[in-house]
Amino acid sequence: MTLSRPLRIGTRGSPMALAQTGMVRDRIMAANPGLETEIVVVSTVADRVLDRPLSEIGGKGLFTKELEQALFADTIDVAVHSMKDVETWLPDGLTIACILERDDPRDAFLSAGAANGLADLPPGARVGTSSLRRGAQVLMHRPDLTIVPLRGNANTRMRKLEAGECDATLLALAGLQRLGMTDVARSILPVEEMLPAVAQGALGIECRSGDDAIRALLAPVACATTTTALDAERGLLAELDGSCRTPIAALARVEGERITLDGLLFLPDGSRHWAVHREGPSAEADAIGRDAGAELKRAAGDVYFAHLK
């Protein structure tokens, strides 16, 4: 199927966003010979406001709001997102029509000195991150370390590390792979030490719900296995009303007709955490995720939700 005009692909303008949108465009074109495309850059609040943590300025929806407005205005046909930036609930009339095969979901460790991991950092060392999830897990393992805010795209955060604003930082390995910059990582943190964000490493394509022709173009590049894994992880997130204000980590793995899910909920200072593990049929991924989220909510109880208030 082809369109009578180029497919307009909306994206943020950061180097990371452009790199991954180029990957998505190439896959769509390979699956739809003869299709023409146009990349449309849309500026988002999250790209413009870099001096405050996302949790203070409105959450991860700030990465997607303007792109969704462009979809409603029909100035783009699809929007490419890092799925970890997509809010739990989408606006009426929009849908994630396609989730691509997931890249490595783990976090990479970068340091300005000789440290090759969290264990190598001296007491009091500064770890730069504005991710509550990363900060909480760092402090869970090393309460003697100091978390300092660090916003910006990957290149900006690496420059801040080199400038001495922190002693170490963490970046998504998938992002470094897409930029061709994995050589900057001192190590890849195992998920037992740093459980990823929900949907980390996965790219999704959003479109208007009624655009059947567009959805048909996207269908060949969708990955059923990744979609199932994210059903479980985002189900857990939905049950916890998760946002950038809530330190939550989760990772699902699908093997054949079975799925396993690990989830963590934290206090931001890492002083308390609650864990959950689930296994079951992959066909029940969403229900398994929601059940796991409900267990975390019960376990954390008033302690956690008093913090949220």
Stretch gain in nm, segment Glu165-Ala119, where the contour uses 0.36 nm per residue and the Cα spacing is subtracted: 14.6 nm
Rounded to the nearest 0.05, what FRET efficiency do Ser209 and Glu279 give with R0 = 41 Å and r taken as the Cβ-Cβ distance? Could you check? 0.80
So if I take the centroid of the Cα atoms in region 216-277 and the same for region 105-179, what is the distance between those two points in Å? 22 Å
Sites Val303 and Thr146 - FRET efficiency at Förster radius 25 Å, r taken between beta-carbons, to 0.05: 0.55
Amide H of Arg8: which non-local residues (sequence gap of 5 or more, or other chain) have their own amide H closer than 5 Å, using H built in the peptide plane? Glu38, Asp77, Val78
Counting alpha carbon pairs within less than 8 Å and at least 6 residues apart, what relative contact order, in whole percent, applies to the chain? 21 percent
Computed over region 56-204, the relative contact order (Cα-Cα under 8 Å, seq sep at least six) in percent reads 37 percent
If you count only protein heavy atoms with a 1.4 Å probe, what accessible area per residue comes out for the chain, rounded to a whole Å²? 42 Å²
Net charge near His277: determine it from the other residues with C-beta under 11 Å of the C-beta of His277, scoring Lys and Arg +1 and Asp and Glu -1. -2
Ignoring ligands, DNA and RNA, what percent of the 1.4 Å accessible area of region 121-189 is carbon and sulfur? 51 percent
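The values are calculated or read from the model by the stated rules, or taken from the named source; none is laboratory data. These figures come from a predicted structure and were not determined experimentally. Virtual Cβ from ideal backbone geometry, glycine too; neighbours counted across all protein chains shown. For the accessible areas, the whole protein counts, side chains as well, though only heavy atoms, and no ligand, DNA or RNA atoms are used. Shrake-Rupley method; radii C 1.70, N 1.55, O 1.52, S 1.80 Å.
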